[in-house]
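First the structure, in the form of structure tokens, and then the observations on it.
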Amino acid sequence: MRALTKLPGYLLALFCLYHVACTNEQPKRTISLDEIRAQSAPKKVQKTKKSQADTLQRLINFYTNDSSQLAIARIFLDSINETHFLDRFTPMIQRFQLKDSSQQHYAYQRWIFKDSSSCTEAFYNWLDQAGKNKSSVGLKTGQIWSLNNAFFMIGKKEIISLSSTEPISFKNWVKWYTGTPDFQGFCYICYAKPKKKTIWMNYTNNKLMTL
């Protein structure tokens, strides 16, 4: 009889424990859609920032090959966003602003093409209007018009342009470029200076020669 009198108390205690357990589990199963969106957004921002940082880091690594002579002290993204004639031939374009330890400033541009034919075709089209007043420039002999000192390295699948108000130590830049991972050889090299004859060069057997 004593056990029977205690049974209602046991049942009441079990019911209370069950009710508390169910109440505690409910919030864990509820996930707000706003919370999911808030968590996913920062990941996209981080990925974009990481991509830009990686591009800059790859360029910095390129300079390590000859850093004692180039002495590049600062590299940052170009914020001017000026268009160039070569932009119409490829969407793969890099633009940076560089400063060396002497505070000389360079505008760096790089156009990457899908193959050597596309690169050569773009270069020839550019020469057709690279002279003064958009005139045609003869290959290896013509005068490339530029307000600043401008140096061009035409590779197999890419074209790199450097411009500066000060003279450019192009031999050091050639040495740097030949040590980069993407180097596959030169097609043409040229150095244009304001009001002076354009210097056309080739590079064979690790030697730079004027044409």
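The values are calculated or read from the model by the stated rules, or taken from the named source; none is laboratory data. Keep in mind it's a predicted model, so treat the numbers as computed, not measured. Here the Cβ is made from the backbone with ideal geometry for all residues, glycine too, and neighbour counts use every protein chain on show.
Can you find, within segment 117-157, the residue that is farthest from Tyr177 (Cα to Cα) among those that are exposed (fewer than 14 other Cβ atoms within 10 Å of the Cβ) and in contact (Cβ under 8 Å) with a residue 40 or more places away in the chain? Before the answer, list the steps.
Residues of segment 117-157 exposed (fewer than 14 other Cβ atoms within 10 Å of the Cβ): 117, 121, 124, 128-129, 132-136, 138-141, 147.
Then keep just the ones that are in contact (Cβ under 8 Å) with a residue 40 or more places away in the chain; that gives 129, 139-141, 147.
On the way: Gln129: 26, Leu139: 22, Lys140: 21, Thr141: 24, Leu147: 24 Å.
My answer is Gln129.
If you scan segment 176-211, which residues turn out to be among the charged types (D, E, K, R) and in contact with a strand residue (DSSP E or B) (Cβ under 9 Å, 6 or more places away or on another chain)?
From segment 176-211, those among the charged types (D, E, K, R) are 182, 193, 195-197, 207; that's our starting set.
Matches in segment 176-211: Asp182, Lys193.
Tell me, which strands (runs of 3 or more DSSP E) wholly within segment 94-211 include 1 or more residues that are over 18 Å from the mean Cα position of the chain (by Cα) and of a type in the set (Phe, Trp, Tyr)?
Values: elements: 105-112, 149-155, 158-164, 186-192, 199-204, 207-210.
Fully inside segment 94-211 and qualifying: 149-155, 186-192, 199-204.
Output the qualifying pairs, or none if there are none: Cβ atoms under 6 angstrom, residues six or more apart or on different chains, first residue in segment 182-211 and touching a residue at least 24 places away in the same chain (Cβ under 8 Å), second residue in a loop (DSSP other than H, G, I, E, B) and among the hydrophobic types (A, V, I, L, M, F, W, C).
Qualifying pairs under 6 Å: Ala192/Ile144; Thr198/Ile144; Trp200/Leu211.
Looking at (1) more than 17 Å from Ile168 (Cβ to Cβ); (2) assigned to a helix (DSSP H, G or I); (3) touching a residue at least 60 places away in the same chain (Cβ under 8 Å); (4) not acidic (Asp, Glu), which is the one condition that is false for Gln69?
(1)
Here are the criteria: (1) more than 23 Å from Thr178 (Cα to Cα); (2) out of contact with any helix residue (DSSP H, G or I) (no Cβ under 8 Å at 6 or more places or on another chain); (3) surrounded by 13 or more Cβ atoms within 10 Å (Cβ to Cβ). Tell me which single one Phe85 does not satisfy.
Going through the list (1) more than 23 Å from Thr178 (Cα to Cα); (2) out of contact with any helix residue (DSSP H, G or I) (no Cβ under 8 Å at 6 or more places or on another chain); (3) surrounded by 13 or more Cβ atoms within 10 Å (Cβ to Cβ), Phe85 breaks only (2).
Taking Glu121 and the conditions (1) at pLDDT below 95; (2) among the charged types (D, E, K, R); (3) under 20 Å from Asn202 (Cα atoms), which numbered condition does it fall short on, given that it satisfies the others?
(1)
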